[in-house]
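Here the structure is laid out as structure tokens; the discussion comes afterwards.
The values are calculated or read from the model by the stated rules, or taken from the named source; none is laboratory data. Here the structure is a predicted model, which is why all the values come from computation and not from measurement. Don't worry about glycine lacking a Cβ; one is built from the backbone with ideal geometry, like all the others, and counts go over all protein chains shown. To get the accessible areas, we keep the full protein, side chains included, count just its heavy atoms, and leave off ligands, DNA and RNA. Shrake-Rupley method; radii C 1.70, N 1.55, O 1.52, S 1.80 Å.
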Amino acid sequence: MGKIILTGDRPTGKLHVGHYVGSLRRRVELQNSGEYEKIFIMIADAQALTDNADDPEKIRQNIIEVALDYLACGLDPEKSTLFIQSQVPELTELTFYYMNLVTVSRLQRNPTVKSEIQMRNFEASIPVGFFCYPISQASDITAFKATTVPVGEDQLPMLEQTKEIVRKFNSVYGETLVEPDILLPENEACLRLPGTDGKAKMSKSLGNCIYLSEEPAEIKKKVMSMFTDPDHIKIEDPGKLEGNTVFTYLDAFSRPEHFAEFLPDYANLDELKAHYQRGGLGDVKVKKFLNNVLQAELAPIQNRRKEYEKDIEYVYHILEEGSKAAREVAAKTLDEVKAAMKINYFEDKELIAAHVKRFQG
Ligand code: ATP
Ligand code: MG
């Protein structure tokens with residue numbers, strides 16, 4: 001069996017550079033590697049509604065933004081199926097059956113959900129749908145028989161939950177579902193890119209993002225006011241790298257050729273870091289370099305986005321076709337799931353024959 005990818009994003013805002021280094025950049029590489037039989041990229045609107053139930057308009061407006069960001073980054077509808085979660089109702093049906101295989105206490109232990117509950121002030125009253133979204137994610141992954149899920153580190157608990165559901169399902173109902181593997185970024189800084197405020201994670205919901213489609217002047221403003229080392233006051237002071245967001249971003253984005261182009265006094269990031277730690281290197285110089293790196297990385301993405309923005313109907317067409325194609329695949333898996341659970345009454349001729357015998361002799 002070939003390798004299959006499923007991954008996606010919630011349409012709660014435009015995509016940001018955290019998404020890019022955490023998952024998007026890798027997806028495009030994997031897409032173009034030719035090593036994957038099928039690639040499914042999902043805009044998770046149903047999941048986004050689990051914590052935005054009172055604001056469906058936000059979700060509705062952001063689907064096109066996420067789709068444009070996908071195409072801008074190089075996801076190619078000829079090679080990858082781009083689709084909208086809610087347009088594949090089979091996923092909801094799978095979720096309902098998987099719910100029976102998970103306990104409430106297991107869901108309560110999920111550390112990502114725990115911190116998201118805190119972030120959203122849901123402690124007093126958690127929407128049931130939100131609490132169950134790890135189960136819905138298991139449906140998304142297994143519906144496409146995904147072998148590989150390229151995502152950021154915050155998704156580790158979701159993949160663990162999915163694996164458990166797959167094992168449980170297969171042991172109770174017989175070998176049906178495929179156990180997926182998570183594919184995390186290789187570069188540590190990309191696992192969970194911090195926000196510009198230095199907080200743990202850049203996140204649409206926290207407003208600490210640099211968006212892929214952000215205007216160059218705005219990116220520069222955000223970079224120049226980024227969190228660094230609060231004790232690095234004078235240029236001659238030695239600086240700390242730990243928790244220094246500017247250096248984390250350089251870890252995630254900079255390559256040796258950026259030094260040759262924008263900061264030729266240093267051969268690579270190690271040299272720049274060593275100088276910062278010794279003292280004598282000011283934050284402004286490092287931030288200016290980071291700004292140049294980010295602008296260089298984002299310029300081709302932004303240019304491609306502008307091209308797609310000229311033909312929005314075509315982008316919707318891509319999503320519609322992708323959703324149809326995704327639905328066919330998910331429907332096939334759902335049929336297999338129902339057959340395994342023996343809830344396929346009308347296809348089960350043996351069952352009907354046995355009942356004929358029972359009641360008609
Ligand atoms: P929300 O605040 O609505 O949850 P988000 O910014 O966390 O939005 P998601 O749509 O939840 O974004 O995440 C989509 C993908 O991007 C996931 O694979 C996730 O692991 C990855 N990702 C999100 N934020 C980061 C980050 N700061 N660093 C690395 N990867 C990230
Ligand atoms: Mg998230």
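Laid out as a table, the results:
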{"read-out": "Extreme residue, farthest from the chain's Cα centre (by Cα), among residues of segment 118-140 that are of a type in the set (A, V, I, L, M) and more than 12 Å from ligand 1 (Cβ to nearest atom)", "value": "A124"}
{"read-out": "Lone qualifier among S254, S205, S225 - being among the polar types (S, T, N, Q), under 23 Å from the mean Cα position of the chain (by Cα) and surrounded by fewer than 18 Cβ atoms within 10 Å (Cβ to Cβ)", "value": "S205"}
{"read-out": "Failed criterion for L156 (all others in (1) surrounded by fewer than 17 Cβ atoms within 10 Å (Cβ to Cβ); (2) more than 16 Å from ligand 1 (Cβ to nearest atom) hold)", "value": "(2)"}
{"read-out": "Options F169, F122: the member that is open to solvent by less than 10 Å² (accessible area, probe 1.4 Å) and aromatic (F, W, Y)", "value": "F169"}
{"read-out": "Residue in segment 30-50 that is open to solvent by 10 Å² or more (accessible area, probe 1.4 Å), within 13 Å of ligand 2 (Cβ to nearest atom) and in the same structural domain as S323 (by TED's automatic domain parsing) present", "value": "yes"}
{"read-out": "Cβ-Cβ under 6 Å pairs, at least 6 apart or on other chains, segment 136-156 side closer than 22 Å to G2 by Cα, far side within 7 Å of ligand 1 (Cβ to nearest atom)", "value": "V149/T7; P150/T7; P150/S23; V151/T7; V151/S23"}
{"read-out": "Number of the condition not met by Y345 [criteria: (1) under 19 Å from E175 (Cα atoms); (2) touching a helix residue (DSSP H, G or I) at 6+ places or on another chain (Cβ under 7 Å)]", "value": "(1)"}
{"read-out": "Segment 9-27 - residue that is outside any helix (DSSP H, G or I) and open to solvent by 30 Å² or more (accessible area, probe 1.4 Å) and, of those, nearest to ligand 1 (Cβ to nearest atom)", "value": "R10"}
{"read-out": "Members of segment 28-54 found to be farther than 24 Å from T142 by Cβ and near ligand 1 (Cβ under 9 Å from one of its atoms), listed by number", "value": "N52"}
{"read-out": "Any chance A217 is among the small types (G, A, S) and more than 24 Å from L159 (Cα to Cα)", "value": "yes"}
{"read-out": "Residue within segment 159-182 that is near ligand 1 (Cβ under 10 Å from one of its atoms), modelled with pLDDT of 95 or more and part of a strand (DSSP E or B) present", "value": "yes"}
{"read-out": "Scope segment 79-98; condition farther than 18 Å from L24 by Cβ and open to solvent by 10 Å² or more (accessible area, probe 1.4 Å); matching residues", "value": "S86, Q87, P89, E90, T92, E93, T95, F96, Y97"}
{"read-out": "Selection count, segment 193-217, where residues are within 15 Å of ligand 2 (Cβ to nearest atom) and in a loop (DSSP other than H, G, I, E, B)", "value": "11"}
{"read-out": "Index of the failed condition, K234 passing every other in (1) surrounded by 17 or more Cβ atoms within 10 Å (Cβ to Cβ); (2) at pLDDT below 95", "value": "(1)"}
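One line per residue, one yes/no per condition, for (1) assigned by TED's automatic domain parsing to the domain that holds Y133; (2) assigned to a loop (DSSP other than H, G, I, E, B); (3) touching a strand residue (DSSP E or B) at 6+ places or on another chain (Cβ under 8 Å):
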position: I59; (1), (2), (3): yes, no, no
position: I63; (1), (2), (3): yes, no, yes
position: L68; (1), (2), (3): yes, no, no
position: L75; (1), (2), (3): yes, yes, yes
position: K79; (1), (2), (3): yes, yes, yes
position: T92; (1), (2), (3): yes, no, no
position: Y97; (1), (2), (3): yes, no, no
position: S105; (1), (2), (3): yes, no, no
position: T112; (1), (2), (3): yes, no, no
